[in-house]
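The next block holds one structure in the form of structure tokens; read it before the comments.
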């Protein structure tokens, strides 16, 4: 009977060759049994999700890059943990294979190159971040509009335009690339426009050709003046406009900041990539911001203010008209002293109230705080810690996964707080008269008003009348505590009126006003 495997031949050279062939076949067999690690698919999914959020405007690109510059070493830690877990699984499979070779996991050359590229990018961004004070580079941005800056020399020129601007005139402008500054300081019933043009070109002839192309035009049609600035590759135009205070403006700026001050007419602006600064406006203000890295500030506005779109920080103060903020806001929203109704609406938060005598701030850290708010107050949100101090008027708050702290001022109005997985702390004046209903589950319910609790299983309840009774206070939460306190909550003081006169602010002062502080740019309100 033939034996298996066949005996080795007696020739030593042939024996060595056969053993080498057997070892090579075994290596090929083990290599064929290798399985791909999950590190590669997980990395591609994570990178794809982040890029998608940036593309659809849910995450500012600058915030993502700054975050990566600081925390990129976590990438190596996560890859190490995944590989350690896979190694443990392979060891277990090898132990249960009864001597049979078990498949092994490998990263693969493509995944190694991807991780190496991310590590190199992280190291470079960290160096730039440390050298520029938490910014990759001051005023540094590469895009299709300023790529010519790296391919040619800078050429500057100035253009001036002027036209009669009678009362009721509307100025319409469209600037593809460059800042725009508008002021209602013209006292000769004319509009004065100055354009500081910048051209980047590789030769003088190319620069001359582009300077002719970038020349602006001012056309009249009825009560409308239209300023047209052509789009030129490698060129920008910073526009300064002075017109009578009674004029109105409608403007679009694609890449650049907008400053408007000292106007009595309506202001309508669209900013695609740039900040908006408004002050001393008597008319209605309508602004659309289309970039999550851009911010808006409005101060001393007599008319209504409407802001839509996507932006970073919002800062408004001394607004006499109503305020409507509708969109996605990724930074800090700060309001002070608004005489009209306020509506703040995002995909996460819906807040309405009648007036703001103090201040309100919705921060990037998911906190919402306000003081001296006049209701009715209606707040529907989630995943926030809410703090409302010295609130007057009816209040309705709905929240989850966050605490609610509320201090009610005299006179007492109906209050409804519905929370989930978050504590509720309510402070009422010592001499307040009201009726109360409160309940929670798997938690404590405390009160300073001497009311007795009833317990049904793990649901403590509180119900009673304080003094002669009055408005109903309804409170409910789950898996969290409820506390009712007595406190000296002073009534809101009479509010001094917001000055109605039009303050004319010099253009330099508006330009030099310090910007509101900006934090990290990654959370959405």
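Observations, loosely collected:
- Some residue of the range 322-333 being outside the structural domain of residue 251 (by TED's automatic domain parsing), assigned to a strand (DSSP E or B) and closer than 29 Å to residue 480 by Cα: yes
- Selection status of residue 26, part of a helix (DSSP H, G or I) and at pLDDT 70 or above: no
- Annotation note: of 402, 358, the sole residue that is in a loop (DSSP other than H, G, I, E, B) and touching a strand residue (DSSP E or B) at 6+ places or on another chain (Cβ under 9 Å) is 402.
- Residue 436, sole failed condition from (1) in a loop (DSSP other than H, G, I, E, B); (2) without any contact (Cβ under 8 Å) to a residue 60 or more places away in the chain: (1)
- You will find that of 292, 283, the residue that is in a loop (DSSP other than H, G, I, E, B), outside the structural domain of residue 176 (by TED's automatic domain parsing) and either at pLDDT 95 or above or over 24 Å from residue 361 (Cβ atoms) (or both) is 283 and no other.
- Candidates 279, 242, 231: the one that is surrounded by fewer than 24 Cβ atoms within 10 Å (Cβ to Cβ), farther than 19 Å from residue 193 by Cβ and in contact with a strand residue (DSSP E or B) (Cβ under 7 Å, 6 or more places away or on another chain) is 279.
- Only residues that are without any contact (Cβ under 8 Å) to a residue 60 or more places away in the chain, farther than 19 Å from residue 292 by Cβ, surrounded by fewer than 23 Cβ atoms within 10 Å (Cβ to Cβ) and in contact with a strand residue (DSSP E or B) (Cβ under 6 Å, 6 or more places away or on another chain) were counted in the range 308-327, giving 2.
- Residue within the range 161-182 that is under 33 Å from the mean Cα position of the chain (by Cα) and surrounded by fewer than 17 Cβ atoms within 10 Å (Cβ to Cβ) present: no
The values are calculated or read from the model by the stated rules, or taken from the named source; none is laboratory data. This one's a predicted model, so the numbers in the text were calculated from it and none came from an experiment. Here Cβ is always computed from backbone atoms with ideal geometry, including for glycine, and neighbour counts include all displayed protein chains.
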